[in-house]
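Engineer: Dropping a structure here in structure tokens format, bear with me for questions.
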Amino acid sequence: MSFQALLDGLEIPILQAPMVGASDGALAIAVSRAGGMGTLAAGALAPADIGPAVAQIRAQTDRPFGVNLLMAPKVAPDAATVEAALERLRPWYAALGEPPPAAPNQFAPDFDAQLAALIAAAPPVASFAFDVLNREQVAALQAAGTYVLGAANTVAEARAWAAAGADGICAQGAEAGGHRGNFLADVEDSLVGTFALVATIRAAVELPVVAAGGIMDGRGVAAALALGAGAAQMGTAFLLADEATTSGPWRAAAEAAPDDPTRLTRAFTGRYARGIENRFMREMRSVEREVPPYPVQNRLTQPLRAAATRAGDPETLSLWAGQGVRLAERGPAEDLVRRWWAEAQAAARGLAARTGI
Ligand SMILES: Cc1cc2nc3c(=O)[nH]c(=O)nc-3n(C[C@H](O)[C@H](O)[C@H](O)COP(=O)(O)O)c2cc1C
């Protein structure tokens, strides 16, 4: 079988985007059971937890599913850098009545160990963001029976994944919620909208393309398919799903989002990500270029964001969401997926009528 055949075999060509912090296996299982394809966000999992998490999904659905890893660089920041970053965060911690954390020993799970665990777990699909695997790593996954889906923000990144032997490209448009996946160029040069990105990657690379970014309902799914995507990947649209693990204050902010609410920031994690703008993003804007790179800043703000979540304070936690967040709706994931597919079919019928077919 090919990855294209896997996508063609889905009852509903909708992929649930992996979302660290907003999703776990339960959402992935619900989406796969509905006929789409769920994805476990394993980026923050310890290597030893990946195998059991994959086994749990496998035990609950025989449909295809994916597992996602974030390719965090290995970092060893010097003590002064960490101290300065913590000092900058001190007033934010103080406002929540917490001391800043001690300098951590580890800033992210070891990627090589996560990848080894993923190869051993052999899920149907593995997706990656923030960098590109080498040919040997891709081949090892494929030898285990896993299709490799690489995230690209630009055509050059799609070509890099194709050169590494990937089975498909996830084209992440600028509209997308959460972290940007860019790894070849600066974020300013990697903000192509989903329409242009899907079409230009399709023209450049002979691989199935999954469209991601700003797809919020069936109209968006139909548009992605019309552009030549093999499936639509949706993240923000699942933020309010019953099975999503989105915290209370985050859900409330998503439901109350004003017009055009999202911005990019690197203040929370040291890597640009899109979220609903809040006080932390605004007040850190002037120094956000100075914070240490991902995953250092990410680790240093984790306790802050956890404390803000406990306190119900949406102004100091990362409210990751895409540009379409106002269209997110509540409900069981299975109902959402089926409704979006019915809408996509209706959109296709409308187009057929409009085009005289
Ligand atoms: C809350 C949130 C968390 C995310 N976490 C991840 C992640 O762990 N791994 C990843 O590859 N992409 C992650 N993304 C990005 C998605 O894969 C995808 O590109 C994006 O959700 C698509 O745009 P949309 O949010 O407009 O649907 C995340 C997105 C959101 C909204």
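Engineer: Output the residues belonging to the stretch 59-118 that are more than 25 Å from S286 (Cβ to Cβ) and among the polar types (S, T, N, Q).
Structural biologist: Listed by number, the residues that qualify are Q60, T61, N68, N105, Q106, Q114.
Engineer: Does A196 meet the test of being away from the ligand (no atom under 13 Å from the Cβ), in the same structural domain as V20 (by TED's automatic domain parsing) and under 23 Å from P261 (Cα atoms)? Step through it out loud before you land on a result.
Structural biologist: Values: away from the ligand (no atom under 13 Å from the Cβ): yes; in the same structural domain as V20 (by TED's automatic domain parsing): yes; under 23 Å from P261 (Cα atoms): yes.
Yes.
Engineer: OK, next. Residues being within 13 Å of the ligand (Cβ to nearest atom), more than 24 Å from I169 (Cβ to Cβ) and of a type in the set (G, A, S): count how many of those fall in the stretch 222-266.
Structural biologist: Residues flagged as within 13 Å of the ligand (Cβ to nearest atom), more than 24 Å from I169 (Cβ to Cβ) and of a type in the set (G, A, S) within the stretch 222-266 amount to 6.
Engineer: Condition (residue is among the small types (G, A, S), within 22 Å of the chain's Cα centre (by Cα) and surrounded by fewer than 16 Cβ atoms within 10 Å (Cβ to Cβ)) applied to the stretch 331-339: is it met by at least one residue? Don't jump to the end; show me each part of the working.
Structural biologist: Filtering the stretch 331-339 for residues among the small types (G, A, S) gives 331, 333.
From the residues that got through so far, the ones that are within 22 Å of the chain's Cα centre (by Cα) too are 331, 333.
Next cut, surrounded by fewer than 16 Cβ atoms within 10 Å (Cβ to Cβ) only: 331.
Yes - at least one qualifying residue is present in the stretch 331-339.
Yes or no, residue by residue, for (1) out of contact with any Leu (no Cβ under 9 Å at 6 or more places or on another chain); (2) closer than 21 Å to G21 by Cβ:
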position: V132; (1), (2): no, no
position: G165; (1), (2): no, no
position: S190; (1), (2): no, no
position: V198; (1), (2): no, no
position: A203; (1), (2): yes, no
position: A211; (1), (2): no, no
position: M216; (1), (2): no, yes
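Engineer: With (1) surrounded by fewer than 19 Cβ atoms within 10 Å (Cβ to Cβ); (2) in contact (Cβ under 8 Å) with a residue 40 or more places away in the chain; (3) over 30 Å from Q16 (Cβ atoms) as the list, and A48 as the residue in question, which single condition is left unmet?
Structural biologist: All conditions are met except number (3).
Engineer: Let me ask something else. Kindly establish whether G181 is under 25 Å from K74 (Cβ atoms), out of contact with any Pro (no Cβ under 9 Å at 6 or more places or on another chain) and within 14 Å of the ligand (Cβ to nearest atom). Full working, then the answer.
Structural biologist: Working: under 25 Å from K74 (Cβ atoms): yes; out of contact with any Pro (no Cβ under 9 Å at 6 or more places or on another chain): yes; within 14 Å of the ligand (Cβ to nearest atom): yes.
Taking the combined requirement at face value, the residue satisfies it.
Engineer: Moving to a separate point now. Since M281 meets every condition but one in (1) without any contact (Cβ under 8 Å) to a residue 24 or more places away in the chain; (2) surrounded by fewer than 18 Cβ atoms within 10 Å (Cβ to Cβ), which condition does it not meet?
Structural biologist: (2)
Engineer: Say whether the condition of being in contact with a Gly (Cβ under 9 Å, 6 or more places away or on another chain), over 24 Å from E315 (Cβ atoms) and among the hydrophobic types (A, V, I, L, M, F, W, C) is met by at least one residue in the stretch 280-288.
Structural biologist: Within the stretch 280-288, not a single residue is in contact with a Gly (Cβ under 9 Å, 6 or more places away or on another chain), over 24 Å from E315 (Cβ atoms) and among the hydrophobic types (A, V, I, L, M, F, W, C).
Engineer: Can you find even one residue in the stretch 331-346 that is in the same structural domain as P18 (by TED's automatic domain parsing) and in a loop (DSSP other than H, G, I, E, B)? Can you show your working first?
Structural biologist: Restricting attention to the stretch 331-346, the residues satisfying the condition of being in the same structural domain as P18 (by TED's automatic domain parsing) are 331-346.
Next cut, in a loop (DSSP other than H, G, I, E, B) only: 332.
Checked the stretch 331-346: at least one residue is in the same structural domain as P18 (by TED's automatic domain parsing) and in a loop (DSSP other than H, G, I, E, B).
Engineer: Would you mind stating whether A30 is modelled with pLDDT of 95 or more and within 11 Å of the ligand (Cβ to nearest atom)? Before the answer, list the steps.
Structural biologist: Details: modelled with pLDDT of 95 or more: yes; within 11 Å of the ligand (Cβ to nearest atom): no.
Taking the combined requirement at face value, the residue does not satisfy it.
Engineer: OK, next. Are any residues in the stretch 6-20 surrounded by fewer than 20 Cβ atoms within 10 Å (Cβ to Cβ) and within 11 Å of the ligand (Cβ to nearest atom), and if so, which ones?
Structural biologist: Residue satisfying the conditions is V20 alone.
Engineer: Count, please, the residues in the stretch 76-97 that happen to be in contact with a helix residue (DSSP H, G or I) (Cβ under 6 Å, 6 or more places away or on another chain) and either among the polar types (S, T, N, Q) or not in a helix (DSSP H, G or I) (or both).
Structural biologist: 2
The values are calculated or read from the model by the stated rules, or taken from the named source; none is laboratory data. Because the structure is predicted, anything quoted here is derived from the model rather than measured. Ideal geometry is used to build each Cβ from the backbone, glycine not excepted, and the neighbour counts take in all protein chains shown.
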